[in-house]
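Scroll down for the structure; my scribbles are underneath it.
Derivation of every value follows stated rules applied to the coordinates shown; laboratory data play no part. These numbers were taken from a predicted model, which means no experiment stands behind them. Please note: Cβ atoms are built from the backbone with ideal geometry, for glycine as well, and neighbour counts cover all protein chains shown.
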Amino acid sequence: MSVLEIKNLHVTVETEQGVKEILKGVDLTIRSGEIHAIMGPNGSGKSTLAYSIAGHPKYTVTEGEILLDGEDVLAMSVDERARAGLFLAMQYPVEIPGVSVSNFLRTAKTAITGEAPALRTWIKDVRESMENLRMDASFSERNVNEGFSGGEKKRHEILQLELLKPRFAVLDETDSGLDVDALKVVSEGVNRAHKANDLGVLLITHYTRILNYIKPDFVHVFVAGKVAEEGGAELAERLEAEGYDRYVKAN
Amino acid sequence: MSQSPNQHGLAEHSHGAVIPLQIRIDRPKSTSVSDFPAISKTQDLWRYLDVEQLAGLDADVLAEYKEQVSFTSQEGLSVSWIPSTDSRVGAIGIPEDRVSAAAYTNASETLLVEINSSLAEPATISITGVDKAASALHLLVVTKPQVEATLVLDYRGIGVLGENVEISVGDQSRLNLVSVQTWDKGSVHVSAHYAKLGRNSFLKHTVATFGGDLVRITPISTLSSPGAEVEMNGVYFANSGQHIENRPFVDHAAPNCKSRVTYKGALSGDKAHTVWIGDVLIRVAAEGTDTYELNRNLLLTDGTRADSVPNLEIETGEIQGAGHASASGRFDDEQLFYLQARGVTEAEAKRLVVFGFLLELIQRTNVPEVIESLSKVLEEKLEVN
Ligand SMILES: Nc1ncnc2c1ncn2[C@@H]1O[C@H](COP(=O)(O)OP(=O)(O)OP(=O)(O)O)[C@@H](O)[C@H]1O
Ligand SMILES: [Mg+2]
């Protein structure tokens, strides 16, 4: 049983107009096996939270802490965080020319586990995971995310989630831009990883649709850089019906 | 690769920065060394080099290089030495600079590579240097009409070589020519390529330079028959003390021709220096021209220098498209972040990004042996960092 704690997190970003505070005191605790959904209006800081957990250099933490089983995550480099068991499925996955998916996956797996995976079982695992996500085998020879459609990029993120087996995953709008079938396939992937590894999930989304497949234990309403309300799955239904008006006004 | 404008060392050129190229047409041509002035930095052609770096290649007298050249035979291919007085020699291209003229004058024999029918396998000409005697070599590659072939020129060993390579691509032929420079330290190689493309022919011309103190290649593609297409690719990696200079030139002289020029390089270590001068001339007759040239450089450490200058001269308004891009910069932070977020260390992530950045062009040669051997060379280069 692991626990990821975010305490009073304040984050700024450098803009052309100067330093801007985006996260204004985020408190959030996720335990192994729990699924937390985060919903909130555009620009409220959801991706900023995701990137800050992963350690993107663009974001500066000015106050607060992130602890993984009591260990100071903020003191870790980006790759150390990943090796400690944190995973970020990105809203906009990056293209890497000339680096094939198979090379990338093997390199990442080797980095995470500290040793090269046994070739035969690894190839089998990759093939199976790709089949489960309805990804054509030819993707392994293509360059990372290059020319992938929006939906294909998202599947590729979940493929990594399944293969790298982190303890906690932040999924930043993994459902955006997916068609109905892809949404189901990708959700099943998340659920498989959740079940197999007792994964703790932080699911950032704009739509309740995905919550029909991935059942959240908690829903957090994220407004203006912090959590404005918390509840169970029923909170998502209410947000769908009423929007964020009441929170934005209150703010 | 994508690079955000805030990265250190980035310089994007736009049409506004283009230097007019009227000099290109008027450039003097001669096979005689004495027709060219002694080389100096004040000349535009040699402004990035000290004459000492040429290691004597601008001299009146150079040694022959026949002994250092070897090749294998296969069906459809005929390779032989002919006297350079043969009328076929010099028919494709005449020197435009002093080193090229010196090489022209001093190579008494020319290696004639005739591709008479399509080749089943890539053909390789191996040039393996053994010492630093300033030498001259002349190659003449003639592709007959309607054939398809891959030819690899493989330069290695220790050498000081001035060279001319003439390339004739027959009507409707497809030639894939790859020039690989993995010279040992201390080597100097200055080579002029003159390619002439027949009607509806296609030339894929790749220059891959990884080894040698100074390697300067000036490939000229003349599109003087309608419907011809050239793809000129270059890939290079300069470490400390290396100077790699590429000056591709596409001469659009006939209607409806297409050219794509893509050069990518990486630089690492003190005084690693690369130069890319990409010239494209679209003459009055070249209506319907479609051209694009691009140069990207990755600066891996401080103390490196990448000069990158695209020149585009357009004499007709009736063109399909003409564009260029040039950028030299640091790593793309987003790419590094993506890899590191998957557990890969920063050093390893950098290696992977550079490797991919350059490998992409090597892969375009479609020659498995070249891809395999240059992948290894690239890995070794990256280890040094
Ligand atoms: N590098 C940056 N420069 C300037 N502003 C930034 C930068 N990064 C983030 N911001 C701003 O911070 C705010 C929060 O952005 P963030 O991407 O975290 O929002 P989000 O909640 O993920 O929105 P969405 O739902 O649209 O994905 C926005 O107003 C955004 O413009
Ligand atoms: Mg976002």
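A few notes on this one:
- When you filter the GluC sites (Glu not before Pro) in region A:106-161 for DSSP loop state and at most 10 other Cβ atoms inside 10 Å of their Cβ, you are left with A:115.
- Inter-probe distance in nm under a simple model that places probes 7 Å from Cα toward Cβ, at residue A:240 and residue B:376: 6.0
- Using C-alpha pairs under 8 Å with a sequence gap of at least 6, the mean separation divided by the residue count of chain B gives a relative contact order of 13 percent.
- With the helix formula -39500 (n - 2.57) applied to DSSP H stretches of n ≥ 4, chain A reaches a computed 222 nm mean residue ellipticity of -11000 deg cm²/dmol.
- Cα gyration tensor, region A:135-251 - rounded (a/c under 1.5), prolate or oblate: prolate
- For the protein assembly as shown: rounded, prolate or oblate by the Cα gyration tensor [a/c cutoff 1.5]: prolate
- Crossing angle, helix A:233-242 versus chain A [Cα axis fit, 0-90 degrees, rounded to tens]: 60
- Each of the peptides A:163-174, B:346-357 was scored by the mean count of other Cβ atoms within 10 Å over its residues; in descending order, highest first, they stand as A:163-174, B:346-357.
- Chain A: angle of helix A:119-132 to the longest principal axis, Cα-based, in degrees nearest 10: 60
- Neighbouring Cβ atoms from other chains, within 10 Å of the Cβ of residues in A:75-82, number 5 on average.
- Most to least packed among A:51-62, B:90-101 [average Cβ atoms within 10 Å]: B:90-101, A:51-62
- Among beta bridges that DSSP assigns inside the protein assembly as shown, antiparallel share in %, nearest 5: 20
- Remark: A:39, A:1, A:76 ranked as A:1, A:76, A:39, counting other beta-carbon atoms within 10 Å and listing the fewest first.
- As a proxy for reagent exposure, B:81, B:46, A:122 were ordered by neighbouring Cβ count within 10 angstrom, fewest first; the result is B:81, A:122, B:46.
- Protection-proxy order for peptides A:103-113, B:114-124, each taking the mean of Cβ atoms within 10 Å per residue, highest first: A:103-113, B:114-124
- Modelled FRET efficiency - R0 45 Å, residue B:91 with residue A:141, Cβ distances, 0.05 increments: 0.55
- The residues packed around residue B:269, meaning those with a beta-carbon under 12 Å from its beta-carbon, carry a net charge of +1 if Lys and Arg are +1 and Asp and Glu are -1.
- Peptide A:56-64 is shielded by partner chain Cβ atoms: per residue, an average of 1 of them sit within 10 Å of its Cβ.
- Shielding of B:348-359 by partner chains, average beta-carbon count, 10 Å: 4
- Nearest-ten-degree value, helix A:180-197 long axis tilted from longest Cα axis of chain A: 90
- Amide H contacts under 5 Å for residue B:325: B:293, B:294, B:295, restricted to partners 5 or more places along the chain or on a different chain, H placed in the peptide plane at 1.01 Å from N.
- In terms of its alpha-carbon gyration tensor, region A:3-250 comes out prolate; a/c meets the 1.5 threshold, and the first ratio a/b outweighs b/c.
- For chain B, calculated [θ]222 nm from helices alone, where every DSSP H run of n ≥ 4 adds -39500 (n - 2.57): -4500 deg cm²/dmol
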